[in-house]
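Asker: Below you'll find the structure I mean.
The values are calculated or read from the model by the stated rules, or taken from the named source; none is laboratory data. What you are looking at is a predicted structure, and each value in this text was computed from that prediction instead of being measured. Neighbour counts run over all protein chains shown; Cβ positions are idealised from the backbone, glycine included.
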Amino acid sequence: MSRVRVLVGTRKGAFVLSADGKREKWDVSGPHFAGWEIYHMKGSPADPNRIYASQTSGWFGQIIQTSDDGGKTWHQPGSAPGEQPAPGTAVGESNKFVYDSSDATGKPLTTHQWYDGTQHPWEFKRVWHLEPSLTEADTVYAGIEDAALFRSTDGGKTWKELPGLRGNDTGPRWQPGAGGMCLHTIILDPKNPQRMYIAISAAGAFRTDDGGKSWKPINRGLRSQYIPDPNAEVGHCVHHVAMHGSRPNTLFMQKHWDVMRSDDAGDNWREVSGNLPTDFGFVIDVHAHQPETVYVVPIKSDGEHFPPDGKLRVYRSRTGGNEWEPLTKGLPQSDCYVNVLRDAMAVDSLDSCGIYFGTTGGQVYASADSGDNWSPIVRDLPGVLSVEVQTLP
Amino acid sequence: MIRVELPQHLRTLARVNGEVQIEVQGAVTVRSVLDALESSYPVLRGTIRDHDTQKRRAFLRFFACQEDWSHESPDAPLPQDIASGKEPFLIVGAIAGG
């Protein structure tokens, strides 16, 4: 019988939640890296036992961890589980993210726009998102703050920036959102290895069609009330983007405000917020088997980061947007004031599609029937930063 | 041998208990102690000082013989009691945040 493994990053450590295909009884492992913020964990599609984790701390900076046994044991790339790395080994490079400002890349880029409109140096702060390659277990992409895209081809031992992203002409106009200037979304096109999408707060969405050498902003149709220019090329606070693998040209976006859809690989967007009670939110995801079935968790506003009326409701559209239905069975419908952060929703690919999300209150909810019924896997973890799920044979 | 006391999270990261002891060649300074520490424990690179700039991370401080060395030149000689191993060199995490 198939199994699922849910990877949960929290403000105080990582947790691995495992169950068989029924998804009724859960084994909870953790905390791993207790006391550290785990911004994101994700397994390699090419080798599901290989998991990458971003471990960060305001005190000690960035650490990259990997597991080769499905999250039972962990080590920094270049070292072996349970062993102190030998002096001088490359393990000391696995957390080294140095922006490419070389002449060879053509456009050394050293500053972006700061809150006050002045130019500010790019400074590495943390890894927000790790996206393993679809085909190579040792290749993984990292989305970082201040926004840039890095790639490792040696299992995370060393990292190199893909400078074409920051080097596109809009770079100096990117600016941080309230959470920092983070590259938080990386989507690999399963049908076209040269195509990749990324999103940055607050710059917008970008696409490459040449394997990451060059990038273009794909924000036409986004309307952001805080930007005077209605056709602004960048500056949009994109919270998350989702894609169904069978239709890589169709993208769904939860923007700061507005739920958006594109059917031409991001070249043009249209709003599909429809009858949502509020179109502010962070997460968005697509059903594993129904590419027109989309999930969001509406949040009251950018000033009040909790569900409207104290009711935690996932909204599902079976029509690719515009028409949304609330999913409430098993979710708290009174006095609930948690948030669901941008990387904290995932879907499994079992026949009856499972949906998972984590809250800032430490609950991880699961539905084994496409969202009709929900129950908590765990209730009292530290605040959840990210949720990913692996479907295992 | 130079004795170095790490904050708990860095001890966990380096898989050590209690103090660590390291050999330092030449003058015993903050820089030479950290160089030797990172050479012996590569996992600590970037966690105490920035990879690129080599500047001390903002929420860590250095103490030697009950004195704050955080703002001293990294090339200033540390006290003899540190160099002789009588006293440990302390790397301390700020008591801040949650």
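Asker: Looking at the stretch A:331-352, which of its residues are part of a loop (DSSP other than H, G, I, E, B) and surrounded by 16 or more Cβ atoms within 10 Å (Cβ to Cβ)? Quick ask: steps written out before the conclusion?
Answerer: So in the stretch A:331-352, the residues part of a loop (DSSP other than H, G, I, E, B) come out as A:331-342, A:344, A:348-352.
Those that are part of a loop (DSSP other than H, G, I, E, B) and surrounded by 16 or more Cβ atoms within 10 Å (Cβ to Cβ): A:Leu331, A:Pro332, A:Cys336, A:Val338, A:Asn339, A:Val340, A:Leu341, A:Arg342, A:Ala344, A:Asp348, A:Leu350.
Asker: State yes or no: is A:Pro132 at pLDDT 85 or above and either more than 20 Å from the chain's Cα centre (by Cα) or more than 14 Å from chain B (Cβ to nearest Cβ) (or both)?
Answerer: Values: at pLDDT 85 or above: yes; either more than 20 Å from the chain's Cα centre (by Cα) or more than 14 Å from chain B (Cβ to nearest Cβ) (or both): yes.
Answer is yes for this residue.
Asker: Within the stretch A:213-229, does at least one residue satisfy the condition of being within 23 Å of A:Asp189 (Cα to Cα), surrounded by fewer than 21 Cβ atoms within 10 Å (Cβ to Cβ) and of a type in the set (Asp, Glu)? Outline the logic, then answer.
Answerer: Kept after step one, since they are within 23 Å of A:Asp189 (Cα to Cα), are these residues of the stretch A:213-229: A:213-222.
Filter once more, so that each one left must be surrounded by fewer than 21 Cβ atoms within 10 Å (Cβ to Cβ): A:213-214, A:216, A:220-221.
Restricting the remaining residues to those that are of a type in the set (Asp, Glu) gives none.
No, the conditions are met nowhere in the stretch A:213-229.
Asker: How about the stretch B:28-43: which of its residues are within 14 Å of chain A (Cβ to nearest Cβ), under 10 Å from the mean Cα position of the chain (by Cα) and of a type in the set (A, V, I, L, M, F, W, C)? Lay out the reasoning, then the answer.
Answerer: The first filter runs over the stretch B:28-43 and keeps only residues within 14 Å of chain A (Cβ to nearest Cβ), leaving B:34-43.
When the remaining residues are screened for being under 10 Å from the mean Cα position of the chain (by Cα), the result is B:34-38.
Once the filter is applied, which keeps residues that are within 14 Å of chain A (Cβ to nearest Cβ), under 10 Å from the mean Cα position of the chain (by Cα) and of a type in the set (A, V, I, L, M, F, W, C), the stretch B:28-43 yields B:Leu34, B:Ala36, B:Leu37.
Asker: Kindly establish whether A:Gly143 is in a loop (DSSP other than H, G, I, E, B) and buried (at least 22 other Cβ atoms within 10 Å of the Cβ).
Answerer: Working: in a loop (DSSP other than H, G, I, E, B): no; buried (at least 22 other Cβ atoms within 10 Å of the Cβ): yes.
Answer is no for this residue.
Asker: Also, I was wondering about something else. Do we have A:Ser44 as surrounded by fewer than 18 Cβ atoms within 10 Å (Cβ to Cβ) and among the polar types (S, T, N, Q) here?
Answerer: Values: surrounded by fewer than 18 Cβ atoms within 10 Å (Cβ to Cβ): no; among the polar types (S, T, N, Q): yes.
No, not satisfied.
Asker: Return the total of residues in the stretch A:168-212 being under 15 Å from A:Phe252 (Cα atoms), in contact with a Ser or Thr (Cβ under 7 Å, 6 or more places away or on another chain) and of a type in the set (Val, Ile, Thr).
Answerer: Result for the stretch A:168-212: 1.
Asker: Going through A:Ser79, A:Ser57 one at a time, which residue ends up being crowded, with 18+ Cβ neighbours inside 10 Å, within 12 Å of chain B (Cβ to nearest Cβ) and modelled with pLDDT under 90? First the steps, then the outcome.
Answerer: Working: A:Ser57 fails: modelled with pLDDT under 90.
The conditions single out A:Ser79.
Asker: Also, quick follow-up: Name the strands (runs of 3 or more DSSP E) wholly within the stretch A:202-294 that hold at least 2 residues that are at pLDDT 95 or above and in contact with a Leu (Cβ under 6 Å, 6 or more places away or on another chain)? Reasoning before the result, please.
Answerer: Details: elements: A:204-208, A:238-243, A:251-255, A:259-262, A:280-286.
It comes to A:238-243.
Asker: Cβ contacts < 7 Å: first residue more than 15 Å from B:Pro88 (Cα to Cα) and modelled with pLDDT under 95, restricted to the stretch B:20-39; second residue charged (D, E, K, R) and not in a helix (DSSP H, G or I), any location; separation 6+ or different chain. Result?
Answerer: B:Glu38/B:Arg45
Asker: Another one. Collect the residues in the stretch B:82-97 that are surrounded by 13 or more Cβ atoms within 10 Å (Cβ to Cβ) and either part of a strand (DSSP E or B) or without any contact (Cβ under 8 Å) to a residue 24 or more places away in the chain (or both), keeping them in residue-number order.
Answerer: B:Phe89, B:Leu90, B:Ile91, B:Val92, B:Gly93
Asker: Right, something else. Any residue at all in the stretch A:301-311 that is in a strand (DSSP E or B), buried (at least 21 other Cβ atoms within 10 Å of the Cβ) and either of a type in the set (Asp, Glu) or modelled with pLDDT of 95 or more (or both)?
Answerer: Filtering the stretch A:301-311 down to residues in a strand (DSSP E or B) leaves none.
No - not one qualifying residue is present in the stretch A:301-311.
Asker: Among the residues of the stretch B:7-21 satisfying the criterion of being within 13 Å of the chain's Cα centre (by Cα), farther than 19 Å from A:Trp74 by Cβ and more than 10 Å from chain A (Cβ to nearest Cβ), which is surrounded by the fewest Cβ atoms within 10 Å (Cβ to Cβ)?
Answerer: My answer is B:Gln21.
Asker: Suppose the filter is in contact with a helix residue (DSSP H, G or I) (Cβ under 8 Å, 6 or more places away or on another chain) and among the small types (Gly, Ala, Ser); does A:Gly35 pass it? Even if it seems obvious, please write down each step before you answer.
Answerer: Details: in contact with a helix residue (DSSP H, G or I) (Cβ under 8 Å, 6 or more places away or on another chain): yes; among the small types (Gly, Ala, Ser): yes.
Taking the combined requirement at face value, the residue satisfies it.
Asker: Separate question: Has the stretch B:59-74 got any residue that is of a type in the set (Gly, Ala, Ser) and surrounded by fewer than 16 Cβ atoms within 10 Å (Cβ to Cβ)? Outline the logic, then answer.
Answerer: We begin by selecting, within the stretch B:59-74, every residue of a type in the set (Gly, Ala, Ser); these are B:64, B:70, B:73.
Filter once more, so that each one left must be surrounded by fewer than 16 Cβ atoms within 10 Å (Cβ to Cβ): B:70, B:73.
Scanning the stretch B:59-74 turns up at least one residue that is of a type in the set (Gly, Ala, Ser) and surrounded by fewer than 16 Cβ atoms within 10 Å (Cβ to Cβ).
Asker: Is at least one residue of the stretch B:43-50 in a helix (DSSP H, G or I) and closer than 20 Å to A:Glu93 by Cα? Show your work before the answer.
Answerer: So the first thing to find is which residues in the stretch B:43-50 are in a helix (DSSP H, G or I), and the list is B:43-44.
Filter once more, keeping what is closer than 20 Å to A:Glu93 by Cα: B:43-44.
Yes.
Asker: Could we say that A:Glu24 is touching a residue at least 24 places away in the same chain (Cβ under 8 Å) and closer than 19 Å to B:Arg11 by Cβ here? Before the answer, list the steps.
Answerer: On the way: touching a residue at least 24 places away in the same chain (Cβ under 8 Å): yes; closer than 19 Å to B:Arg11 by Cβ: no.
For A:Glu24, the condition - touching a residue at least 24 places away in the same chain (Cβ under 8 Å) and closer than 19 Å to B:Arg11 by Cβ - is not met.
Asker: Which of the residues spanning the stretch A:353-393 are of a type in the set (S, T, N, Q) and buried (at least 19 other Cβ atoms within 10 Å of the Cβ)? Step through it out loud before you land on a result.
Answerer: Our first condition is that a residue be of a type in the set (S, T, N, Q); within the stretch A:353-393, this holds for A:359-360, A:363, A:367, A:370, A:373, A:375, A:386, A:390-391.
Matches in the stretch A:353-393: A:Thr359, A:Thr360, A:Gln363, A:Ser367, A:Ser370, A:Ser386, A:Gln390.
Asker: Here is a list: B:Gln66, B:Gln25, B:Gln54. Which entry is farther than 25 Å from A:Gln62 by Cα and within 14 Å of chain A (Cβ to nearest Cβ)? Before you say what the answer is, go through the steps one by one.
Answerer: On the way: B:Gln66 fails: within 14 Å of chain A (Cβ to nearest Cβ); B:Gln54 fails: farther than 25 Å from A:Gln62 by Cα.
Result: B:Gln25 is the single residue among B:Gln66, B:Gln25, B:Gln54 that is farther than 25 Å from A:Gln62 by Cα and within 14 Å of chain A (Cβ to nearest Cβ).
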